[in-house]
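Reviewing the structure listed below.
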Amino acid sequence: MIDLIVRSTIPAALSILPPKMDTTGARAMLVAIGLQESRFLYRRQVNHGPARGFWQFEKAGVRGVMKHEASRGPAREALRFLKYEHLVDEQSFQTADIQYALEDNDMLACVFARLLLWTLPGTMPKAHESALGWAQYLDAWRPGKPHQATWDALFREAWNRVSGEVKE
């Protein structure tokens with residue numbers, strides 16, 4: 001599944017966003033966060049939690065993407081492109097409905113994950129900057145029970161995968 005995400009879902013999602021959002025660092029962070037959040041196994045949070053999609057979005061994350069000046073325009077365009085225009089109009093958006101759509105549409109979930117990262121100041125971390133990646137992950141996702149013990153290995157794996165060094 002991870003190979004499919006790296007080779008198909010992420011490139012497809014990034015292709016509908018502005019080209020400047022597609023960087024190796026962004027791809028690595030998308031993989032690292034997906035691994036950290038769901039291991040790309042669960043589209044719905046285990047134990048009946050509220051998070052949805054491989055990147056485990058809660059309503060607050062959806063709302064953040066839809067309201068932030070840097071991400072709301074591309075988010076609306078992506079929703080229209082992916083035929084979810086009924087979830088967004090010029091005046092409002094449907095947070096819960098968008099969140100539920102993320103559970104079943106990996107491309108949309110990836111778009112929202114990239115846009116959430118886009119709201120952060122600075123650039124995406126490089127392969128040797130696991131600590132910066134962790135800080136950005138905490139800042140953007142605000143996990144309730146963060147597991148730093150797993151991050152460094154998953155961050156390295158993500159970089160290896162986007163560099164083409166690991167194949168399933």
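No value in this document is a laboratory result; all are computed from the given coordinates. Model, not experiment: these values are computed from the prediction. All Cβ positions, glycine included, derive from the backbone under ideal geometry; neighbour counts span all protein chains shown.
Under the simplified labelling scheme, the Ala135-Thr123 pair shows an inter-label distance of 1.5 nm, with each label point 7 Å from Cα along Cα→Cβ. Classify the range 1-117: rounded, prolate or oblate, from the alpha-carbon gyration tensor (a ≥ b ≥ c, eigenvalue square roots; a/c under 1.5 rounded; otherwise prolate if a/b is larger than b/c)? Oblate is the answer for the range 1-117, as a/c is 1.5 or above yet b/c matches or exceeds a/b. The magnitude of the dipole of the range 23-119, with charges of +1 and -1 set on the Cβ of Lys/Arg and Asp/Glu and taken from the Cα centre, is near 220 debye. With a simple spin-label model that places each label point 7 Å from the Cα along the Cα-to-Cβ direction, the separation between Lys20 and Ser8 comes to 3.2 nm. For the range 153-159, backbone phi angles converted through the Karplus equation (6.51, -1.76, 1.60; θ = phi - 60°) give residue-by-residue couplings of 5, 5, 5, 4, 4, 4, 5 Hz, Gly and Pro being listed as x.
A simple rule links phi to the HN-Hα coupling: the Karplus curve 6.51 cos²θ - 1.76 cosθ + 1.60 with θ = phi - 60°, which for the range 60-66 gives 4, x, 4, 4, x, 5, 6 Hz, with x for Gly and Pro.
Could you list Arg142, Arg43 in order of exposure, starting from the residue whose Cβ has the fewest other Cβ atoms within 10 Å?
On the way: Arg142 12, Arg43 18.
Ascending Cβ contact count within 10 Å gives the list Arg142, Arg43.
Among Phe57, Phe81, Phe155, the largest mean-square fluctuation in a Gaussian network model of the chain, built with springs joining Cα atoms closer than 10 Å, belongs to Phe81. Taking amide H positions as modeled 1.01 Å from N, with prolines and chain starts lacking one, the residues under 5 Å from Phe57 and 5 or more places away or on another chain are Arg52. Under the simplified labelling scheme, the His147-His68 pair shows an inter-label distance of 2.5 nm, with each label point 7 Å from Cα along Cα→Cβ.
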